[in-house]
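The values are calculated or read from the model by the stated rules, or taken from the named source; none is laboratory data. All figures in this text were calculated on a predicted structure; none of them were measured in a lab. Backbone-built Cβ (ideal geometry, glycine too); neighbour counts: all protein chains shown.
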Amino acid sequence: MTNKKRNRKNKKKDASSSSSSSSSATAAISTTATARANRRIMDGERKPLKIYVDKEFPDSTYVVRGERFLGRGQTSTAFDVFKEGTESGCVASLCYYAVLMAGAHTADLHLSLPWALEGALRGHCGCISLLKNDIYKIFYQVTTLDPPIALWAYWAKTHDSLLNKRETRKTIKEVRVLLAGRCYICKTIDSEEDVTLRKCDDCKMYHYCSVECQLTHWKEGEHRNECKHLQILNKYHKPYAKRIREATIHGDKQIPALERLRNRLGLTRKKEEYQHLLVPMKDLPRNAINGSPNRPDDYCIARNDGTVHIGSTPAVI
């Protein structure tokens, strides 16, 4: 083989090696990005709990330390770190804290709700995803009495609006069409036996064939709680959502619109008022006593005045 041929062959090898290395590097970067975008943490029983992220919100030393402890399986220590980060105003820590508050297999979502809500109010799309995908999980339950469909739709639309996307628009439309076709309580179909369905004037999501069915949903189905909560969000959050998000990302500590909203939702109530509810969901009251819900899952919605059952903290965070 001549020197010229050997040189050509070596150049081809180098080019092939370079291409392979570049491809591997690209794959590694892609894998790392995917792993970060779909971070999962492990609870005490080594079961995965999903963490949703929002890259616009900067991580802090609390997040770095907390993730390190999670990687070692030291969940309790990580929980304390994220709690400290949350109290210092780190919204990225707050998202971790909200998930860890849910406990193993997200069994105690009522404890996670106030913190997920705190993050969602600040425009953290990870916390919004936690609300709509886990706490308000309704994709496979849209025909039951339990899921707060109107609240899910609110946060789904908010998520898209903050990111200038239209990801859930089709799903929301399908849900609305499904609900519009029949009475939410007795399932009477529109125009069946000269029946004309009417929708709730406030949330405009649920439809009823009669006043009786609407009152049943309002009282027994506890739609009043959901609807009142939604009214607060529509009045005190929706007009200011983008400004609150921008101010939070910027690092502003004093955001009047946010503090007014937190007060309206009952997040700033004194802990003594709901101390008895800070227990596993299985231990929550199952009978309506002193205004408590009939079903434990309803602690994930709101009280009959629209405020949350469990607050977060009176302090500014």
Residue match in the range 252-272 (condition: crowded, with 17+ Cβ neighbours inside 10 Å and under 22 Å from Lys165 (Cβ atoms)): no
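For Leu178, are the conditions met, namely being part of a helix (DSSP H, G or I) and closer than 27 Å to Gly126 by Cα? Break it down into steps so the answer makes sense when it comes.
Working: part of a helix (DSSP H, G or I): yes; closer than 27 Å to Gly126 by Cα: no.
No, not satisfied.
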Selection count where residues are closer than 30 Å to Leu261 by Cβ and surrounded by 15 or more Cβ atoms within 10 Å (Cβ to Cβ), scope the range 209-230: 14
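Are there helices (runs of 4 or more DSSP H) fully within the range 194-285 with at least 1 residues that are modelled with pLDDT of 95 or more, within 22 Å of the chain's Cα centre (by Cα) and more than 25 Å from Val91 (Cα to Cα)? List them.
Details: elements: 211-219, 223-236, 241-250, 256-265.
It comes to 223-236.
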Criterion (at pLDDT 90 or above, more than 20 Å from the chain's Cα centre (by Cα) and surrounded by 14 or more Cβ atoms within 10 Å (Cβ to Cβ)) met by exactly one of Tyr154, Tyr184: Tyr184
Near pairs, Cβ below 7 angstrom, 6+ apart or cross-chain, from the range 97-119 (aromatic (Phe, Trp, Tyr)) to any residue that is at pLDDT below 90 and part of a helix (DSSP H, G or I): Trp115/Met101
Matching option when the condition is in contact with an Asp or Glu (Cβ under 8 Å, 6 or more places away or on another chain) and crowded, with 18+ Cβ neighbours inside 10 Å, among Leu197, Leu233: Leu197
